[in-house]
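K.L.:
One structure is given below, represented as structure tokens, and several questions about it will come after.
The values are calculated or read from the model by the stated rules, or taken from the named source; none is laboratory data. Since this is a predicted model, take the numbers as computed values, not measurements. Note that we place each Cβ from the backbone using ideal geometry, even for glycine, and neighbour counts take in every protein chain shown. Ligands, DNA and RNA are excluded from the accessible area calculation, which covers all protein heavy atoms including side chains. Shrake-Rupley method; radii C 1.70, N 1.55, O 1.52, S 1.80 Å.
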Amino acid sequence: MIQEVYHIPALLEETIAALNVRPDGTYVDVTYGGGGHSRAILSLLGSDGRLYGMDQDMDAWTQRVEGDERFTFVHSNFAYLRNFMRYYGVEGVDGIVADLGVSFHHFDTAERGFSFRADAPLDMRMNRDARLDARAVLATYSEERLADVLYLYGELRQARRLASALVKQREARPLTTTGELVEAVRPLLRASQEKKELSQVFQALRIEVNGELDALRRMLMQTADVLRPGGRLAVITYHSLEDRMVKNFMRSGNVEGKVEKDFYGRVQSPWRVVNNRVITASEAEVAQNPRSRSAKLRVAELVGAEQEDKQEEKKGR
């Protein structure tokens, strides 16, 4: 059993409150990690309640809840949420929670290659069985493609110069460790912003290696098929790319944010946004867990046909 603190979940109380957990409900934690959210949900479930915890990283399996028949661990990427709910014969769930942040475990386990604070092999795979790792990205991507990754996923203004420097470096010597990556990009980083920009470089590569945004899009688009009417979706994001996607989805029903309106100009969406104002960590939580500083919680409720009719009646009065 791993002895370290695997992960401290951000916005735990706010997330569980937003899910409005029913004792006999069925819930899915699609980012199980250290099981923080899952254990909180289980504490509110009765004997008829059910919880499924999904994670593609088998390290999370070591943190699983044991000896509780209400809980099932699912070793899978959440992009396959709908398939696994069908596999387990689940006709509908009452709540889905996703904490999209990287666990303390990933940052603090040097050999995983997620952090620039220790020299380690360039890996960054959440699923260790996946073929693509950070070393392969840096070794095989064209300069243009590397620039796109750094600009789109790291939001780095100097993406083209960074990509050029990385290509020149690999021509002289292959990049195999996080330390070599840091040394290759450091001359192009602003001294006052070095840690932030290094984080952006590593974030960009991690997102690309794990296909994170595509997996998030796929998962979000399946939630309406998995949730029961009135069921809630709670998502915690940590950077603007994820947050924008989740915000768009909850307001319009699609990740692009394309709003469809009916004949009367009313927005057509299967979702009702529960918190119009994004929920962030309190000063007290940030002091205890600095990594929660960038956490943003958004919550939406799936609107069923009956609920839609009631809402239309209210509007018509």
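K.L.:
Using 0.36 nm per residue, how much length does the chain from SER164 to ARG86 gain when fully extended, once their Cα-Cα distance is taken away?
P.N.:
Length gained between SER164 and ARG86: 23.4 nm.
K.L.:
Which loop-located GluC sites (Glu not before Pro) does the range 206-309 contain, where loop means any DSSP state but H, G, I, E or B and the Cβ has at most 12 other Cβ atoms within 10 Å?
P.N.:
GLU256
K.L.:
OK, next. Would you mind calculating the gained length between ALA110 and SER76 on full extension (0.36 nm times residue separation, minus the Cα-Cα distance), in nm to one decimal?
P.N.:
So the extension gain works out to 9.9 nm.
K.L.:
Shifting gears a bit: Just the accessible area per residue of the chain, please: how many Å² with a 1.4 Å probe?
P.N.:
Solvent-accessible surface per residue comes out at 51 Å².
K.L.:
Now for a different question. Suppose every K and R has +1 on its Cβ and every D and E has -1 on its Cβ; what is the size of the dipole of the chain about the Cα centre, in Debye to the nearest 20?
P.N.:
My answer is approximately 1000 debye.
K.L.:
So which GluC sites (Glu not before Pro) in the range 90-192 pass both tests, a DSSP loop state and at most 15 other Cβ atoms within 10 Å of the Cβ?
P.N.:
Hits after loop and neighbour filter: GLU91, GLU155.
K.L.:
Given the peptides 186-192, 76-82, arrange them by the average over their residues of other C-beta atoms within 10 Å, most packed first.
P.N.:
76-82, 186-192
K.L.:
Applying the Karplus parametrisation 6.51 cos²θ - 1.76 cosθ + 1.60 with θ = phi - 60° to the phi angles of the range 190-203, what ³J(HN,Hα) value in whole Hz is obtained for each residue in order, glycine and proline being reported as x?
P.N.:
Here the 3J(HN,Hα) series is 6, 4, 6, 10, 4, 5, 5, 6, 5, 4, 5, 4, 5, 4 Hz.
K.L.:
So, with a 1.4 angstrom probe, what is the percent of accessible area on the range 177-309 that is carbon and sulfur?
P.N.:
Answer for the range 177-309: carbon and sulfur cover 47 percent of the accessible area.
K.L.:
Can you work out the FRET efficiency for the pair GLN193 and GLU69, with r the C-beta to C-beta distance and R0 = 51 Å, to the nearest 0.05?
P.N.:
E between GLN193 and GLU69, to the nearest 0.05, is 0.50.
K.L.:
Can you give me the relative contact order of the range 4-66 as a percent, contacts being Cα pairs under 8 Å and 6 or more apart?
P.N.:
Rounded, it is 37 percent for the range 4-66.
K.L.:
In deg cm²/dmol, rounded to 500, what helix-only [θ] at 222 nm does the chain give when every DSSP H run of at least 4 residues adds -39500 (n - 2.57) and the total is split over its residues?
P.N.:
That calculation yields -12000 deg cm²/dmol at 222 nm.
K.L.:
If the chain between ARG173 and ASN275 were fully stretched, how many nm would it gain, using 0.36 nm times the residue separation less the Cα-Cα distance?
P.N.:
Gain on stretching ARG173 to ASN275: 31.7 nm.
K.L.:
Moving on to the next point. Could I have the simple spin-label model distance between ASP262 and ALA130, label points 7 Å from Cα toward Cβ, reported in nm to one decimal?
P.N.:
Placing both labels 7 Å along Cα→Cβ, they lie 4.1 nm apart.
K.L.:
When only C-alpha pairs under 8 Å and at least 6 residues apart count, what is the relative contact order of the range 4-154, in percent?
P.N.:
22
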